[in-house]
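> Mind having a look at this structure? Questions to follow.
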Amino acid sequence: MIDLMGFWLISLPGFAVPFALAAIGLILCERAGVLNLGAEGFMLMGALAGVGLTLNGTGAPVALMGGALAGVALSFVFALLAVGMRVNHVIAGLSMVFLAQALTSYIATSQRWTNNAFEGLRPVLYGQDAMVFLTPVLVLAVTWLLFHTRFGLALRAVGENPAAADAAGIDVTTMRFAAVLLGGALVGLAGAYLTVAVTQVWVDNVVGGRGWIAIALVIFARWYPWRALAGAVLFGGIEALIPRISAAGFDVPRYLMQATPYLATLGVMIWTAWRRPTSSAQPAALGRHHVREARG
Amino acid sequence: MGSMRMRGIDKSFGGFKALDKVDFEARPGEVHALLGENGAGKSTLMSVACGLYAPDSGEIEVDGRPVQIDGARRAVELGIGIVHQHSRLVEAFTVRDNLALFNPGRPVDDVMRDAQAAARDLGFEIAPGRLAGQLGVADQQRLEILKVIVSGARLVILDEPTAILSDAEGAMLMELVRRLAQSGRAVVLVTHKLHEALAHSDRITVMRGGKRVAEALPQDMTPQTLTHLIVGANVAEAFIPSGAVGAPVLWLENVFVPGEGRQRGLAGASLSLKAGEIYGVAGVSGNGQAELAAVICGIGTPTQGRIMMADRGDITHQGPADRRRQGLAAIPADRYRHALAGSASVADNFAVPGALAGAYGPWAWFNRGIMRRQTRDAIARNDVQGVRSTGQPASLLSGGNAQKLVIAREFQGKPRVVLAHSPSRGLDVRAAAAVHDRLRQARDAGAAVIVISEDLDEILLLSDRIGVLNAGRIAAEFDAPADRAAIGAAMVHHEHA
Amino acid sequence: MSTPETATGAFAIVPRTGRARAAWQSLRIVPLLEPRQTVSRAMRATVYLSALFLAGVLSVALLVWAGVPAGDLWRELSSVAFNSPRALASVLAQTAPLVVAGLATSIAFRVGFWNIGIEGQMILGAVLATAVAVYDIGPEPLRLPLMALAACLGGMAWIAGPGWLKARLSMSEVITTLLLNYVAFNLLLHLLYGPWQDPASRFPHSEQFAAAERLPRLGWQNLTWSVPLAAGLALALWWVMSKSRLGYLLDLLRHNRHMAHALGVPVAGISIAAVLGSGAVGGLAGFTIVAGIESRLTQDFFVGYLFSGILIAFLARNNPVGVVVAAFFLATLMMLGQSLQVFFGIPFALIRLIQAIFIISVAGSEFFLGYRMHWRRAA
């Protein structure tokens, strides 16, 4: 029992970090009013970049940075569609997931990166890698950026009331672009961490729905970074429990057990919505395009 | 400092000429009223002044220097500030954050010190930590004014500032406007209210159809001459009393509905609508108007109280479908939310009641040919202008014609009860008069008509009986002809109790 | 009178002060966006076809870049679909489930319900249909109809939850329907690695269905009744959407559901019917594959249908007849992909990439329907 707990606690941060990074990235983006359903895709891009760079011997830190850049690259396409061309945010987000699934699968196959295990990020302290310690710092940084800087004030204004921000001289489109790219970097980093530090191998769709769970996590966190970190620990804890339970020899149906993170996510979402309607917490202009209003 | 001169401003949208060689001048220390109907071009002109639109041609001078105002930020740099008709505050932000947002590049503490000082000069206080969304409408407006003053505005444009205020709040605002001018700023007061321009301005410019038709001093003008300039013709509308008031048709007994957000909702509203009578509901916005309209339509459900209908009994829990079967017709306030689907065609909008009643065939066969034919007939009968084809989207209709389309649909059958909520909002004088005419016709045909409006002039013009909605209940009732001052007093009495 | 709106500076980052600003002023050309009031049919068609053309050109370029000789591409394409009855038959066999999945997606999209749980609904439909087959429920002549009915119920059950959560708790259906895909998939694996595993081969799929549990053959090539089934369903839905009162009311709901409610349209009932209908047809798509193609429950029969369903619904503008056309196009593309994989070693993911290009291109093209752009010097 002690072993179970111990292994569980040691493996927990590895599961929690991708959720936390992806969630704060999404919060940055959605606080500016851009609904981001492409998280799964951004994570895949980051994950693949991490694998490719590590396999080519760059070392883990560069691989993680590369993952963040890959996230930025895809979020540029997303921003072009959702912000620049005013495509419906849902369609734009979904098409990013499809694009990333196809693109990563194609690149991984043609480069023969699939099922090619490697050694990625190594632990530095208490069996944990550096990103585990860096993640709370990043959460702090995002909180500071959003709530204690002029940039954050403007970013949130764009997400709450673009017309007001426009009247205050803020270029709504530019601001949203910036938020999408910045957020995309963090979501890409989350994906890179997943492969470079956790799985240390590429298989198609390695992200396996974690991007969607991160989106649910943002709702659960009511768009606050610290709550997202707490939620990430919760969800990471649930995910970390699954291999531990079978390793400890409990006889539970394996595949039904694997469905629990998704069921737990649904449960947490329902509980969140039950307590207080989500609409009261989300940025008022989330998912809405801004075009200047005119009266004759 | 603070003078602005616009010369020969042209602006078109697509093929529509919104501004046609307009001249306008604002002088320091002066309140300049910009008067005109909806669609006359007032707001467009002011949007050009504050950098939201680039004019197609024309010149703008600020303090004697020619300038190009290519954005909101540039306008602020030039000392031009605008307070929009609809609040441009971030409601989720505090007063402090709203002021900081609008004054970038300066330490927040400096901004707040300036704001406190300016507020004191203008005669009010601010609470920096309160959420803007929790402020009352009048306080929000003061905050908006403060926002632009702190950012260094020497020219302050107020777009229809009293539209959503009570008479008392409006009077206080006008005092503030006077102080702004006395502090050496130029003030532009955009309004469609004659008496406001006559009583509170130093100069009046009248616009009509995108053109400037007159610039004059208030002492040289009378309400009659101004009306003629604004409308371009004499449209005289007068109160016509009902010929025969009948028995009660629909009545509310002590109805309670919780309000949404800052709205008060209904708290014990009782009223009775009689056949052949127009019942006007006066009141300051946010005192339960939206909820009253909703419960009468069957969209909202009371938590307490009953709604009764003659020879139908208790209809409290009936939805809109049942109410309509019993002869309810509704002209809602929010036209493109509750009355029309803007992206759907004119025919699709007109045909809803007919479709539900099976007028275009059974469930499995929907005959669009009949639907289009009926729509064409109704459009002709009701004088809906600007319909090139029944397939064109309803959003392309002008406000007045969209309202006529709603009326054409709602008055198809002979309604027993007619609800009209702000029926002339956004319409010009002629269109408003046409709508009022149709309401009187419905009344004379024996319907019980209820008109809910925040425009007291409209209420006085239409109503045989007036109820004042205050804090969610009918606080007082008056028979026509009613005393305007007494109604005004009932509207604000115990408002904060 | 509402006048058109304008917006400036889609991509402009403006220097704040001084000479940089002055220099910028003289150079700055910004796109001015002006929303269009009306869009003519011809304009709509032109923009749509241009988007398809652009996506097509990009796809061909991509394939050539990936190593398919440009000359062979056309030969491959035509031989895949049109050179022989057998080729046409295999494309049609592939088209049928795509039509059903596309219809399922488009029904929900038509009322503004983002059902992206089509794969989960397909799995549940297939699982319940298989249960009827595995446990020999009902007399043999009724076995197939019972399987189809069970599939509809399975799909409906899987979408009912998200529908209810959206109506009651305003929870976004995008996330709930999607998460349920993963739950359904794990349920499928549980069954295929557990109680339903084929005892003969020990492979993770169910036993082969008996003859009475498979869609009968048409008698032309290898085609089964899945093809007329899909065509009939498309026809029926076309009638509902464009010839019945329900179709009119469904469209009204999409345009403005508040207005529809205020005018007495049974908004809740119609929405529930459409959402459950979408789920039922999704379940039926699963049935079409297991009973019409695979003849057993497999662990990957549904893969890719979420994406394909959305692409088809999107290309078809949610029109049932359009769904048939788009599904045929997609089936041809997939057969082409399989053939390229065999003969040129091109990964099948490239076909998915081409699908993504099509969806992005068409989604992006709507910008030109929504707005008019003027490039002009900022004044």
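The values are calculated or read from the model by the stated rules, or taken from the named source; none is laboratory data. Please read all numbers here as calculations on a predicted model, not as lab measurements. Virtual Cβ from ideal backbone geometry, glycine too; neighbours counted across all protein chains shown. The area values use the complete protein model at the heavy-atom level, side chains included, leaving out ligands, DNA and RNA. Shrake-Rupley method; radii C 1.70, N 1.55, O 1.52, S 1.80 Å.
> Using heavy-atom solvent-accessible surface (probe 1.4 Å) with all chains present, what is the largest-first order of A:His289, B:His421?
A:His289, B:His421
> Translational D (Stokes-Einstein, µm²/s) of chain A at 20 °C and 1.002 mPa s when Rh comes from the Kirkwood sum over C-alpha pairs?
Result for D is 111 µm²/s.
> Continuing with the same structure: Assuming R0 = 45 Å, can you tell me the calculated FRET efficiency for the pair C:Ala200 and C:Met373, based on Cβ-Cβ distance, to the nearest 0.05?
0.10
> What accessible area, in Å² to the nearest ten, does a 1.4 Å probe give for B:Ser424?
20 Å²
> Per residue of B:41-51, what is the mean number of Cβ atoms on other protein chains within 10 angstrom of that residue's Cβ?
Average neighbour count from other chains, rounded to a whole number: 2.
> Where the centre of each part is set by its Cα atoms, how far does the stretch C:217-258 sit from the stretch A:200-262, in angstrom?
Centre-to-centre distance over Cα atoms comes out at 39 Å.
> Oh, and also: Suppose R0 equals 41 Å; then what is the FRET efficiency for A:Val62 and C:Arg317 from their Cβ-Cβ distance, rounded to the nearest 0.05?
It comes out at approximately 0.35.
> What is the extension gain from B:Arg381 to B:Ser343, computed as 0.36 nm multiplied by their sequence separation minus the C-alpha to C-alpha distance, in nm to one decimal? Can you show the working numbers first?
Numbers: separation 38, 0.36 × 38 = 13.68 nm, distance 2.36 nm.
Stretched out fully, the B:Arg381 to B:Ser343 stretch lengthens by 11.3 nm.
> Can you pull the Rg over Rh of the stretch C:198-292, Cα-only, Kirkwood?
1.18
> Could you name every residue in the stretch B:341-374 that has 20 Å² or more less accessible surface in the full protein assembly than in its own chain alone (probe 1.4 Å, ligands and nucleic acids excluded)?
SASA drop of 20 Å² or more in the stretch B:341-374: B:Ala341, B:Ser343, B:Ala344, B:Asp348, B:Val352, B:Ala355, B:Leu356, B:Trp363, B:Ala364, B:Trp365, B:Phe366, B:Arg368.
> Label-point separation (nm) for C:Leu218 and B:His86, each offset 7 Å from Cα along Cα-to-Cβ?
In this crude spin-label approximation the distance works out to 5.4 nm.
> Using a probe radius of 1.4 Å on protein heavy atoms only, what is the accessible area buried between chains C and B, both sides summed, to the nearest 100 Å²? If you can, show how the numbers build up before the last one.
Numbers: alone 19710 and 22270 Å², together 38440 Å².
By this definition, chains C and B bury close to 3500 Å².
> Here is a follow-up. I'd like the accessible area for C:Cys152: 1.4 Å probe, protein heavy atoms, all chains in place, Å² to the nearest 10.
30 Å²
> Report the Cα centroid-to-centroid distance between the stretch C:165-208 and the stretch A:136-199 in angstrom, as an integer.
36 Å
> I would also like to ask the following. Using a Gaussian network for chain C with springs between C-alpha atoms less than 10 Å apart, which of these wobbles most: C:Phe344, C:Phe209, C:Phe109?
Largest GNM mean-square fluctuation: C:Phe344.
> Leaving out ligands, DNA and RNA, what percent of the accessible area of the stretch C:112-257 is carbon and sulfur, probe 1.4 Å?
66 percent
> Mind jotting down the distance between the C-alpha centroids of the stretch B:188-266 and the stretch C:86-149, whole Å?
Using only Cα atoms to place each centre, the spacing works out to 61 Å.
> Could you work out the relative contact order of chain C, using alpha carbon pairs under 8 angstrom and six or more residues apart, expressed as a whole percent?
Dividing the mean separation by the residue count of chain C yields 33 percent.
> So with the 1.4 Å probe, I'd like the accessible area per residue for the stretch B:4-231, rounded to whole Å².
Using a 1.4 Å probe on heavy atoms only, each residue of the stretch B:4-231 averages 38 Å².
> So how compact is the stretch B:177-253: Cα radius of gyration and Dmax in angstrom?
19.3, 60
> Probe of 1.4 angstrom, ligands and nucleic acids ignored: what's the accessible area per residue over the stretch A:91-223, in square angstrom?
Ligands and nucleic acids excluded, the figure is 33 Å² per residue.
> Under unit Cβ charges (Lys, Arg +1; Asp, Glu -1), what dipole magnitude, rounded to 20 debye, does the stretch C:137-249 have relative to its Cα centre? Mind dumping the intermediate values first?
Numbers: 8 positive and 5 negative charges, 78 e Å.
The calculation lands at about 380 debye.
> Restricting things to alpha carbons, tell me how big the stretch B:27-150 is in terms of Rg and Dmax, in Å.
Rg then Dmax for the stretch B:27-150, in Å: 15.7, 44.
> On to the next question. Could you work out the Rg to Rh ratio of the protein assembly as shown, with Rh taken as the Kirkwood radius (inverse of the mean 1/r over all Cα pairs)?
Rg/Rh: 0.99.
> If N is the number of residues in the stretch B:4-231, what value comes out of its Cα radius of gyration divided by 2.2 N^0.38 Å?
Relative to the 2.2 N^0.38 Å estimate, the stretch B:4-231 comes out at 0.99.
> What is the mean projected area of the alpha carbon convex hull for the stretch A:135-271, to one decimal in square nanometres?
10.3 nm²
> Another question about this same structure. As an exercise, take the mean of 1/r over every pair of distinct alpha carbons in chain C, invert it, and state the Kirkwood radius in angstroms. Please report the intermediate quantities before stating the final value.
Working: mean 1/r = 0.0434 Å⁻¹.
Result for chain C, one decimal place: 23.1 Å.
> Further question on the same structure: Estimate the FRET efficiency between A:Asn115 and C:Leu169 by the formula 1/(1 + (r/R0)^6), using the beta-carbon distance for r and 45 Å for R0, to the nearest 0.05.
Working: r = 42 Å, r/R0 = 0.92.
FRET efficiency, A:Asn115 to C:Leu169: 0.60.
> On to the next question. What residue among A:Pro136, A:Pro253, A:Pro61 has the largest mean-square fluctuation in a Gaussian network model of chain A, using Cα springs under 10 Å?
Highest fluctuation of the listed residues: A:Pro253.
> If you take each beta carbon of peptide B:324-334 and count the beta carbons of other chains within 10 angstrom, what is the mean?
1
> So, one more: Over the Cα atoms of the stretch B:1-48, compute the convex hull volume and normalise it per residue, giving Å³. Don't skip to the end; give the middle numbers.
Details: hull volume 3.4 nm³, N = 48.
Convex hull of Cα atoms, per residue: 71 Å³.
> Considering only DSSP beta bridges whose two residues both sit in the protein assembly as shown, what percent are antiparallel, to the nearest 5? If you can, show how the numbers build up before the last one.
On the way: 54 of 91 bridges.
Expressed as a percentage, antiparallel bridges in the protein assembly as shown total about 60.
> Determine the residues within the stretch C:333-376 where the difference in accessible area between the chain on its own and the full set of protein chains amounts to at least 40 Å²; count protein heavy atoms only and use a 1.4 Å probe.
C:Pro347, C:Ala349, C:Leu353, C:Ile360, C:Ala363, C:Phe367, C:Tyr371
> Measure of size requested: the Rg and Dmax of the stretch A:30-125, with Cα atoms as the atom set and Å as the unit; please supply both.
14.8, 47
> In whole Å, what three semi-axes, largest first, describe the equivalent ellipsoid of the stretch C:255-379 built from its Cα gyration tensor (square root of 5 times each eigenvalue)? Provide the component values of the computation, followed by the final result.
On the way: eigenvalues 218, 160, 20 Å².
Ellipsoid semi-axes (Å, largest first): 33, 28, 10.
> Something else about it: Given the Cα-Cα distance of C:Asp300 and C:Leu58 and 0.36 nm per residue of separation, how much length would full extension add, in nm?
Stretched fully, the C:Asp300-C:Leu58 segment lengthens by 84.2 nm.
> Still on this structure, I have one more. Summing Lys, Arg as +1 and Asp, Glu as -1, what charge do residues with Cβ under 14 Å from the Cβ of A:His148 carry, A:His148 excluded?
Working: positive: A:Arg31, A:Arg150, A:Arg156, B:Arg96; negative: B:Asp97.
So the environment of A:His148 carries a net charge of +3.
> Treat each spin label as a single point 7 Å out from the Cα along the C-beta direction, and report the C:Ser339 to C:Ala45 distance in nm.
Taking the simple label geometry, C:Ser339 and C:Ala45 are separated by 3.0 nm.
> Pop a pseudo-label 7 angstrom from the Cα along the beta-carbon direction at both B:Arg325 and A:Asp251 and give the gap in nm to one decimal.
My value for the distance between the label points is 6.1 nm.
> From the protein chains alone at 1.4 Å, what is the descending order of accessible area for C:Tyr182, C:Tyr135, C:Tyr193, A:Tyr106, largest first?
C:Tyr135, C:Tyr193, C:Tyr182, A:Tyr106
> Quick check for you: with a 1.4 Å probe and neighbouring chains kept, what is the accessible area per residue of the stretch C:67-346, in Å²?
Values: 10500 Å² over 280 residues.
Counting only protein heavy atoms, the per-residue value for the stretch C:67-346 is 37 Å².
> If you don't mind, there's one more thing I want to ask. Relative to the longest principal axis of chain C, what angle (0 to 90°, nearest 10) does the C-alpha long axis of helix C:245-255 take?
Tilt relative to chain C: about 40 degrees.
> Using a probe of 1.4 angstrom, how much of the accessible area of the stretch C:320-373 is carbon and sulfur, in percent? Display every interim value, and only then the final one.
Numbers: 1280 of 1770 Å².
For the stretch C:320-373, the apolar C and S fraction of the accessible surface comes to 72 percent.
> Leaving out ligands, DNA and RNA, calculate the buried accessible area for the pair C and A with a 1.4 Å probe, summed over both sides, in Å² to the nearest 100.
For C against A, buried area totals roughly 4500 Å².
> Then there is this: Residue separation times 0.36 nm, minus the C-alpha to C-alpha distance between B:Val108 and B:Asp63: what's the value?
So the chain would gain 13.3 nm between B:Val108 and B:Asp63.
> Further question: Give me the Å³ per residue figure for the convex hull around the C-alpha atoms of chain B.
Considering the Cα atoms of chain B, their hull volume per residue is 160 Å³.
> If you don't mind, there's one more thing I want to ask. One-quarter of the Cα convex hull surface for the stretch B:248-492, in nm²?
Values: hull surface 52.5 nm².
If I average the Cα hull's projected area over directions, I get 13.1 nm².
> Follow-up question, since we're still on this one. Ignoring ligands, DNA and RNA, please state the percent of accessible area on the stretch B:4-231 from carbon and sulfur, probe 1.4 Å.
48 percent
> Evaluate peptide C:173-185: per residue, the Cβ atoms of other protein chains within 10 Å of its Cβ; return the mean as an integer. Spell out each step's value before the answer.
Numbers: counts 0, 7, 10, 6, 0, 10, 13, 4, 3, 10, 10, 2, 5.
Rounded to a whole number, the mean comes out at 6.
> Any idea which of B:His338, B:Ile474, B:Ser453 is furthest toward the positive side of the dipole for chain B, if Lys and Arg beta-carbons carry +1 and Asp and Glu beta-carbons -1?
Result: B:His338, furthest along the dipole toward the positive end.
> Here's something else I'd like to know. Pop out a list of residues from the stretch A:205-220 that are at least 50 Å² less accessible with all the protein chains around than in their chain alone; 1.4 Å probe, no ligands or nucleic acids counted.
Buried by 50 Å² or more upon assembly, which counts only protein chains, are A:Trp212.
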